[in-house]
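Undergrad: Can you read through this structure? Questions will come right after.
The values are calculated or read from the model by the stated rules, or taken from the named source; none is laboratory data. Predicted model only: the values in this text are computed from it and were never measured. Here the Cβ is made from the backbone with ideal geometry for all residues, glycine too, and neighbour counts use every protein chain on show.
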């Protein structure tokens with residue numbers, strides 16, 4: 001189509017018009033000279049149902065909320081060199097716990113069927129490293145861990161929530177008919193809307209529990225040795241009402257915390 005219509009042209013996608021760019025020179029101009037014009041994000045069924053109606057970073061409309069407030073809070077309170085160094089012991093303690101659980105798994109199973117193979121135990125390291133990464137991120141963001149799955153009971157206890165993380169990436173990448181033809185949304189063709197609502201509910205239940213636990217501890221005056229990111233967000237919103245930008249502070253806290261957890265999970269997809 002580029003040979004016929006040139007390096008830049010538009011096409012209709014349902015009721016919307018989409019811009020197609022096929023040359024690097026034009027693409028560079030779009031994201032440099034006209035970067036603000038291309039910084040907006042279309043509102044889709046997934047962004048509405050899975051990201052607290054666009055409150056999550058990466059799905060928020062471009063503006064003061066995304067460009068200044070939340071990004072600044074995240075950069076300063078979580079990703080700064082000072083903060084990363086302060087949380088160094090979290091990473092170290094989780095690595096120690098990881099090695100301890102791995103050794104325990106070997107010690108508990110080396111006398112079984114694997115004994116004839118020199119006391120070796122078969123271990124799915126991809127899952128173990130995935131749990132290690134997730135535990136470090138969870139402790140940093142919400143002060144929680146999911147532990148390390150060593151038996152069926154452990155797996156069942158976190159299966160639903162971890163599946164929700166995977167389903168999030170699946171549904172945000174799915175094209176729904178209602179994204180192109182909004183007037184057909186009520187039909188929920190393909191059942192995408194129903195499935196997205198289920199995934200959103202699973203994730204929100206977990207994040208809501210963590211948020212309420214943080215609030216209960218703060219109300220009880222429990223002083224923690226090291227505050228996690230959710231604690232810091234609560235402090236920011238308590239001390240700076242303008243940071244909410246007219247939104248709900250709890251929703252922004254949950255959306256931002258969940259976005260950071262999901263961002264870490266993309267490394268394992």
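Undergrad: Do we have any residue at all in the stretch 185-195 that's farther than 24 Å from residue 254 by Cα, surrounded by 14 or more Cβ atoms within 10 Å (Cβ to Cβ) and either assigned by TED's automatic domain parsing to the domain that holds residue 12 or at pLDDT 90 or above (or both)? Even if it seems obvious, please write down each step before you answer.
TA: Taking the stretch 185-195 as the starting set, the residues that turn out to be farther than 24 Å from residue 254 by Cα are 185-191.
From what's left, surrounded by 14 or more Cβ atoms within 10 Å (Cβ to Cβ): 185, 188.
Now drop any that are not either assigned by TED's automatic domain parsing to the domain that holds residue 12 or at pLDDT 90 or above (or both), which leaves 185, 188.
Looking through the stretch 185-195, at least one residue is farther than 24 Å from residue 254 by Cα, surrounded by 14 or more Cβ atoms within 10 Å (Cβ to Cβ) and either assigned by TED's automatic domain parsing to the domain that holds residue 12 or at pLDDT 90 or above (or both).
Undergrad: Just checking, how many residues over the stretch 119-138 are within 13 Å of residue 102 (Cβ to Cβ) and exposed (fewer than 12 other Cβ atoms within 10 Å of the Cβ)?
TA: So the count comes out to 3.
Undergrad: Let me ask another. Sort out which residues of the stretch 218-234 are in a helix (DSSP H, G or I) and surrounded by 13 or more Cβ atoms within 10 Å (Cβ to Cβ), and write them in order of number. First the steps, then the outcome.
TA: Step one: filter the stretch 218-234 for residues in a helix (DSSP H, G or I), giving 218-219, 229-234.
Hits for the stretch 218-234 are 218, 229, 230, 231, 232, 233, 234.
Undergrad: Residue 15 passes all but one of (1) farther than 20 Å from residue 247 by Cβ; (2) without any contact (Cβ under 8 Å) to a residue 40 or more places away in the chain; which number fails?
TA: (2)
Undergrad: Just to be sure before I move on: is residue 215 closer than 29 Å to residue 91 by Cα and either at pLDDT below 90 or crowded, with 16+ Cβ neighbours inside 10 Å (or both) in the structure I sent?
TA: Details: closer than 29 Å to residue 91 by Cα: yes; either at pLDDT below 90 or crowded, with 16+ Cβ neighbours inside 10 Å (or both): no.
No, not satisfied.
Undergrad: Quick check: is even one residue across the stretch 141-152 over 17 Å from residue 231 (Cα atoms) and either modelled with pLDDT of 85 or more or assigned to a helix (DSSP H, G or I) (or both)? First the steps, then the outcome.
TA: Within the stretch 141-152, the first condition is being over 17 Å from residue 231 (Cα atoms), and the residues that meet it are 146-152.
Checking the rest, the ones that are also either modelled with pLDDT of 85 or more or assigned to a helix (DSSP H, G or I) (or both) come to 152.
Yes, there is a match, as at least one residue in the stretch 141-152 is over 17 Å from residue 231 (Cα atoms) and either modelled with pLDDT of 85 or more or assigned to a helix (DSSP H, G or I) (or both).
Undergrad: With respect to residue 175, is the statement that it is in a helix (DSSP H, G or I) and at pLDDT 85 or above true?
TA: Working: in a helix (DSSP H, G or I): no; at pLDDT 85 or above: yes.
Judged against the criteria, residue 175 is not a match.
Every residue, every condition in (1) farther than 19 Å from residue 173 by Cβ; (2) out of contact with any helix residue (DSSP H, G or I) (no Cβ under 8 Å at 6 or more places or on another chain), yes or no:
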| site | (1), (2) |
| --- | --- |
| 21 | yes, no |
| 33 | yes, yes |
| 44 | no, no |
| 48 | no, yes |
| 57 | no, no |
| 61 | yes, yes |
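To keep it simple, each residue is scored yes or no on (1) in a helix (DSSP H, G or I); (2) at pLDDT 85 or above.
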residue	(1), (2)
18	no, yes
30	yes, yes
33	no, yes
41	no, no
52	no, yes
57	no, no
65	yes, no
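Undergrad: Looking only at the stretch 180-197, how many residues end up being closer than 13 Å to residue 167 by Cβ and in contact with a helix residue (DSSP H, G or I) (Cβ under 8 Å, 6 or more places away or on another chain)?
TA: Of the residues in the stretch 180-197, 4 are closer than 13 Å to residue 167 by Cβ and in contact with a helix residue (DSSP H, G or I) (Cβ under 8 Å, 6 or more places away or on another chain).
Undergrad: Moving on. So residue 50 ticks every box in (1) more than 27 Å from residue 205 (Cβ to Cβ); (2) touching a residue at least 12 places away in the same chain (Cβ under 8 Å) but one. Which box is left unticked?
TA: Only one criterion in (1) more than 27 Å from residue 205 (Cβ to Cβ); (2) touching a residue at least 12 places away in the same chain (Cβ under 8 Å) is unmet by residue 50, namely (1).
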